[in-house]
1. Using Cα pairs closer than 8 Å and at least 6 residues apart in sequence, work out the relative contact order for the chain, in percent.
2. How large are Rg and Dmax for the range 18-170 when calculated on the C-alpha trace, in angstrom?
3. So, R0 is 22 Å and r is the distance between the beta-carbons of residue 44 and residue 225; what FRET efficiency does that work out to, to 0.05?
4. When the dipole is taken about the Cα centre of the range 224-358, and only Lys, Arg (+1) and Asp, Glu (-1) are charged at their Cβ, what size is it in debye, to the nearest 20?
5. Suppose every Lys and Arg Cβ carries +1 and every Asp and Glu Cβ carries -1, with no other charges. What dipole size does the range 18-170 come out with about its Cα centre, to the nearest 20 debye?
6. Kindly give Rg over Rh for the range 109-154, based on alpha-carbon atoms, with the Kirkwood expression for the hydrodynamic radius.
7. So, by mean Cβ neighbours within 10 angstrom, what's the order for 293-305, 210-222 with the highest one leading?
8. How long are the semi-axes of the equivalent ellipsoid of the range 224-358, taking √(5λ) for every eigenvalue λ of the Cα gyration tensor, in whole Å from largest down?
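Bear in mind that the values in this text are calculations on the coordinates, not laboratory data. What you see is a predicted model; the values in this text were computed from it and never measured. Positions of Cβ are backbone-derived with ideal geometry, glycine not excepted, and every protein chain shown enters the neighbour counts.
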Amino acid sequence: MGLPLYLRAWLTTAGLAADPFGFSGGLGPIPLDQRPEGGTGWMASADCGDCHPAQLRQWNDSRHHRAFTNDLFQAGLIAEPMAFCVNCHAPTAPQVAEVLPNLPAYAALAPRGVPGPVPALLPEPRAADGVGCAACHLRDGAVLSAGPEAPAAPHPIRIEPSFGTAAACRACHQFLAPDRPSAPRWWMQSTWAEWQISVPDGDPDCLDCHMKGGDHAMTGAHDLERLRGALEVRPVPGGLRLTAQGVGHRLPTGDLFRAITVEIARGEAVPAASARAEGWEELWRAGRRFSAVEGPDGALHKQPIEDSRLWPDQPVFVPLPDQPGLSWRVRYHYGAPHDLLRGLAPLEAWVLTLSDGRLPLPSR
Ligand code: HEC
Ligand code: HEC
Ligand code: HEC
Ligand code: HEC
Ligand code: HEC
């Protein structure tokens, strides 16, 4: 398996400061205003799309497009209204500048938010572009491309062959939690390092699986067909065998609160497909767990204490009680139980049933 994760992770931190494409891992916005001709540098995705309609169409329905406006991120920003979050979910300087004055208004929307009148949100049309064309492609007035030369282009092009590889995804999909005084840093997301371990020769890379034929939809866990296909659930004697397949990193990967659970119900319970949990008992969970640790400064810091997510092609056996008539279901969680309790987004946005069934299990 090569270098251990923590060593690879350390190497990645060293690399972050010098990301060749200017992604900061949330430390700052992506500057767009260094063009020789001046100006704000802002260019909406629709403006690029006038001449690149195919990429615009694919990107339009993508999570990158919805990175700022989707319910789950909005709930996250209300709970933790930090510039850090905006630096990645609406990452260019003109977008961040639009959102920063609104952060107190976001904070005031939290269920236990600051008391008093809620400040009005300003319009955020630029932020609504999420991770748009300019965030990935536009640098110093030139358009980043993996090549080849495009002499017909009406705009300057900077050719960087490594832009056509995982290097173009790394600094946004591998980053540290925000710096807090005297707390050790940990990886908030580590998809790139997980990929390095799962696919040591680098083939396939992120683009082979997520951007086939240049497809800018770049789907992942919000593509239900892709998600369901990534987890094989097989009833076997004594329980269920779960295998992550066709993934190039852990399952779940990405956001820190993603999880997969195996649940059982006896008798009265909400239907297996329901987003509700009444009558269901959680038997097993693959995900990350955190605890609050008091730092030397007296403040509480979140620290990872366990990581039980699946690795590709390494089956895990989950025993089930031997009771005919018992129902089971396997669910994917986009957020943590505390997210559900805050009620900032509909329940259906947080959790999804991947498969379900009923005992008896096959016998030997
Ligand atoms: C360095 C970039 C970066 C920073 C900084 C960052 N995120 Fe994210 N965030 C991502 C990426 C990449 C994903 C996609 C991974 C995934 O889908 O699980 C993501 C996914 C999410 C999701 C899940 C969205 C969905 O559609 O399911 C939420 C919620 C979220 N982030 C909230 C936050 C909040 C709140 C902060 C600030 C505390 C933050 N993020 C900071 C990159 C970032
Ligand atoms: C998340 C980053 C990201 C976003 C957002 C993005 N691109 Fe790309 N784009 C890439 C990468 C990486 C490549 C290189 C793929 C390759 O050459 O194999 C690329 C390639 C291209 C190409 C070359 C042809 C092709 O499809 O491979 C065009 C044209 C293009 N992008 C236009 C756009 C436009 C227009 C938008 C906005 C609607 C956009 N891109 C949004 C990352 C992005
Ligand atoms: C006025 C029309 C126009 C606009 C606006 C425009 N482009 Fe282009 N772009 C072109 C043309 C024409 C080419 C050359 C296409 C070719 O040679 O096949 C090109 C080439 C490219 C390439 C090189 C890959 C390729 O297709 O050959 C990328 C990447 C790209 N554009 C991205 C963008 C992005 C991102 C934006 C917005 C910031 C943008 N373009 C705005 C017309 C435009
Ligand atoms: C500028 C930062 C940035 C870059 C660069 C970037 N991403 Fe993302 N990506 C994000 C954010 C933020 C999200 C979370 C969107 C959301 O809130 O759902 C995300 C989400 C995703 C998802 C999850 C989609 C889903 O359906 O859940 C995939 C897959 C993905 N990115 C692939 C890529 C690939 C492949 C590349 C490299 C070509 C890349 N990203 C480059 C910021 C980035
Ligand atoms: C062998 C194919 C493969 C490779 C290589 C691969 N992925 Fe994935 N990825 C998947 C599949 C399948 C899913 C859907 C299941 C899941 O959520 O893990 C996925 C999901 C994701 C998600 C969504 C996670 C979430 O919580 O919503 C992100 C983000 C992502 N991949 C980013 C990347 C990045 C960045 C790379 C490269 C460093 C990469 N992937 C390499 C197949 C792959």
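1. Normalised by residue count, the contact order of the chain is 15 percent.
2. 16.7, 58
3. With a Förster radius of 22 Å, E is 0.15.
4. The dipole magnitude comes to about 280 debye.
5. I would put it at about 280 debye.
6. Using Cα coordinates only, the ratio equals 1.32.
7. Top of the packing list down: 210-222, 293-305.
8. Gyration-tensor ellipsoid for the range 224-358: 27, 19, 15 Å.
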